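Here the structure is laid out as structure tokens; the discussion comes afterwards.
What follows draws every value from the coordinates through simple rules; no lab data is involved. Being a predicted model, the structure only gives us computed values, none of them experimental. Virtual Cβ from ideal backbone geometry, glycine too; neighbours counted across all protein chains shown.
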Amino acid sequence: MGDYPSFDSQTQRFTTYKKELGNPQAISSDNITCLAPAGPGKIWIGTFGGGLNLLDVSTKTFTRIQAQKGSAKPADNLKILSLLADSHGALWIGTWDQGLLRYDVEKQQFLPYPALGLLNEKSITALVEDDEGAVWLSTKSGIYAYSYRTNSFKRYPQLNGEYHINAVFKDQGELFFGGNKGVVSFRPRDLKSTAYVPNIKFTGFKLFNKEVAIGENDILATNILYAKKINLKHNHSLITLDFAALNFPFADYEYAIKLEHFDEEWREIGTQRSATFTNLAPGKYTFKVKARIPGENWGDTFEAIHLVVQKPFWKTWWAYLLYTVVAGALLYLFYRYTVYLETLKNKLRLEQLTHEKDQELNKIKLRFFTDVSHEIRTPVTLILGAINRIAEEESGQKKTTAIREIQKNGSHLLQLVNELLDFRKLESEGFKLKAAKGNFAEFVQEIFLSFSSHAENLRIDYGFSADTDDLDLWFDRDQMEKVVYNLLFNAFKYTEAGGKVRVHLKKEDEYVYLVVADTGKGIPEATLSKIFKRFYQAEQEQEAKKGGFGIGLSIVKRIIKLHGGTILVESAYGKGSTFSIRLRRGDSHLQPNQKVPFPLQDHLPKYWEKAVATGPDEQLQAQAFAGATILLVEDNPDIRQYVRQLLEPNFQIVEAENGKEGLAVALAETPDLILSDVMMPELDGIALTRELKKDVRTSHIPVILLTARTSFIYQKEGLQIGADDYVT
Ligand code: ADP
């Protein structure tokens, strides 16, 4: 070693300068690191450990620059990395371990060191002068510039980086430095050294550690680079924002972040270029990030992006509105309901009270009526008995209209009283069916007959028809009697003279129909549905005259219901009414306890028995009849035989098979007493009695009607025509 090659461009050959050519002490090291022009024929040679040397090309001598003036340090063993001879006549020396030195060529001395005091760098890797005469130098950590004007160094933090030895180049004013991360180029004029703020951009957004695509779930409207806002759902609980300061790749920036409305202060996160947040509460945030070159101050500028975390729908204002509305509605409903309930309760209580009161009043009324009826009945019965006797005595034409009037109204009064008592009895004891099998046609006909004289008196066309005379049916005689009686009684009551009343019986396989039709005044349509109600009476002026309590039809309906039948009414006001009763044949519809083996004869209403006991009979019984002649008028030979047997021991018996014959016998024999059946061919019992009572020869003879049925109706009818008593 020891030779220094030199290239001659003219000869195109290398000349080697041996170190022996000059002062052997001049160069203590072989390691030449850099060269710089030193004026004509001279070259500055920097060595690594051998200091700065000046080569005189013509004399081929090296001169070593000995010592640093103004400093105790010797210069002969400097480790030089770079050299720059600038236009101001200074030689800049970048050393390995003693920083930057400046050598004044004219004065042949190192300029005072303090002038360069700003610079603390120990290794200066490259030197270059820009077009404006500023000296640029790179180090292991950055780039500086020295200005003659201010005689000071300036550092450019944005150019921080590790720069390599002599990796520098100038091209038309633009400077290039090379380092471990590449080449940096810049125009010195464009650089600003103060308040340098790195330019930050958001580079990515991740949800649950996954990059979010544009438009996905409406989170990002555009590329994150340009986005101003990120929309998040309440359940987007893990988000990551990536960002970077752009400018120069050499610098490792430091970052600080702040999430407005979440962080109070800026958080310094070092060189980390992402921020992660978990479980952000719904709300609006602004994410801010700023950067700095390590060691520099944080600037005021930052990049920001808005984060909106939406409330879950159940926490939105309209959800709360909904809750409020629903809660309000519920409260209101509850309130209404409570009020309603309370009102209802009160109403019910009131109703109950009223009802109880009504019932009590009703009871009291009924009891009063019954009591009064009881009291009235006895004297009325007695009065009637007396009147009858007077009528008997005043027989024939002598019977005055007054007596007839008294008789008629008396019996009407008695009937009313009885009806009341009957009703009272049914009310208190309830309706119990005691149905037995019997001939319904005969039964109806018998009642029909009992009204015939009444019909005659009223001059009403009265008729009966039946599909058959023999009509087996299960029915309660006592109760059904009230039904038929009531229907007929009403028909007569509401039909004027000259009108018609018809009774018809119809037989079908399953049902029996009883139809009572009249041509009376009829029932207004509006009241049709009410007439079966208790105490209902059509409110018409005439009604008062007719009397009654409005209970007849209610009893009828209940009895028919008990029989499993139905009752219908058709009526045309002013034209007449038709009541149809439909009864079921057979006994399959009856409960065992509703049936009795044969018609009961012994459950006469108590009042009736009493009426009989306290009635005219008493006086009759008192008379001695022993040995008297009794005429027995009865079409049924068995019954005739039976009655004869009963009476024969005490009386003389004459018989007749029907009314006509009976009348003849009565005239011929003038018996003391006549016992007559009601239902008979030729002349029935009622007609017979009427004939007998009309005739002076026979009118005095007491008549007792025999009937299978017992009812007050016969008394009424009978009393009207003059019968004295009834025997079942
Ligand atoms: P009342 O004792 O008043 O006759 P009812 O219960 O027997 O009581 O009848 C109720 C009402 O039905 C009567 O007041 C009357 O207005 C009406 N009514 C019943 N039957 C007839 C009929 N055949 N013709 C016209 N109206 C009738």
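For the range 636-668 and the range 425-458, compute the distance between their C-alpha centroids and round to whole Å.
26 Å
Which peptide among 97-104, 356-363 comes first, and what is the full order, when sorted by highest mean count of other Cβ atoms within 10 Å?
Final packing ranking: 97-104, 356-363.
Taking the alpha-carbon distance from Lys595 and a cut-off under 13 Å, which aspartates and glutamates remain once sequence neighbours fewer than 8 residues away in the same chain are dropped?
Once the sequence-local aspartates and glutamates are set aside, what remains near Lys595 is Asp476, Asp587.
Percentage of Cα-Cα pair distances in the range 337-393 greater than 12 Å, rounded to whole percent?
Considering the range 337-393, 75 percent of its Cα-Cα pairs are separated by more than 12 Å.
May I ask you to sort His454, His700, His563 by Cβ crowding, counting other Cβ atoms within 10 Å and putting the fewest first?
Sorted ascending by nearby Cβ count, the order is His700, His454, His563.
Using Cα positions and a limit of under 17 Å, work out the aspartates and glutamates in reach of Lys500, with same-chain residues fewer than 8 apart set aside.
Within the straight-line limit of under 17 Å, Lys500 reaches these aspartates and glutamates: Glu456, Asp461, Asp518, Glu570.
Looking at the range 138-227, which trypsin sites (Lys or Arg not before Pro) are in a loop (DSSP not H, G, I, E or B) and have at most 11 other Cβ atoms within 10 Å?
Arg149, Lys192
In whole angstrom, how far apart do the alpha carbon centroids of the range 207-264 and the range 305-353 sit?
44 Å
Rounded to two decimals, what is Rg over Rh for the range 339-461 when you use alpha-carbon atoms and the Kirkwood radius?
Details: Rg = 22.8 Å, Rh = 19.0 Å.
Across the range 339-461, the Cα-based Rg/Rh ratio is 1.20.
In a solvent-free Debye calculation with one equal scatterer on each Cα, what is log10 I(q)/I(0) for the range 148-236 at q = 0.18, 0.23 Å⁻¹, listed in the order of the q values?
For the range 148-236, the Cα-only Debye profile gives -0.86, -1.16.
Give the Kirkwood hydrodynamic radius (Å, one decimal) of the range 654-695, defined as one over the mean of 1/r across all pairs of different Cα atoms. Before the final figure, lay out each step's value.
Working: mean 1/r = 0.1005 Å⁻¹.
It works out to 10.0 Å.
Straight distance only, please: which aspartates and glutamates reach the Cα of Lys347 with their own Cα at less than 15 Å, same-chain residues fewer than 8 apart left out?
Glu356
Which of the trypsin sites (Lys or Arg not before Pro) found in the range 644-709 are loop residues per DSSP with 13 or fewer other Cβ atoms within 10 Å of their Cβ?
Arg697
Compute the FRET efficiency between Asn235 and Leu322 as 1/(1 + (r/R0)^6), taking r as their Cβ-Cβ distance and R0 = 22 Å, and round to the nearest 0.05.
Efficiency, from the Cβ-Cβ distance: 0.60.
Kindly provide the chymotrypsin sites (Phe, Trp or Tyr not before Pro) of the range 124-222 that DSSP labels as loop, not H, G, I, E or B, and whose Cβ sees at most 10 other Cβ atoms within 10 Å.
Those that pass, being in a loop and sparsely packed, are Phe208.
Just subtract the alpha-carbon distance of Glu162 and Asp131 from 0.36 nm times their residue separation and send over the number in nm, one decimal.
On the way: separation 31, 0.36 × 31 = 11.16 nm, distance 2.41 nm.
Going from the current span to full extension adds 8.7 nm.
Structure shown: which of Lys521/Lys660; Lys107/Lys154; Lys493/Lys533; Lys79/Lys290; Lys140/Lys290; Lys506/Lys530 lie over 29 Å apart, alpha-carbon to alpha-carbon?
Listed pairs above 29 Å: Lys521/Lys660; Lys79/Lys290.
Averaged across orientations, what area in nm² does the convex hull of the alpha carbons in the range 267-391 project?
16.2 nm²
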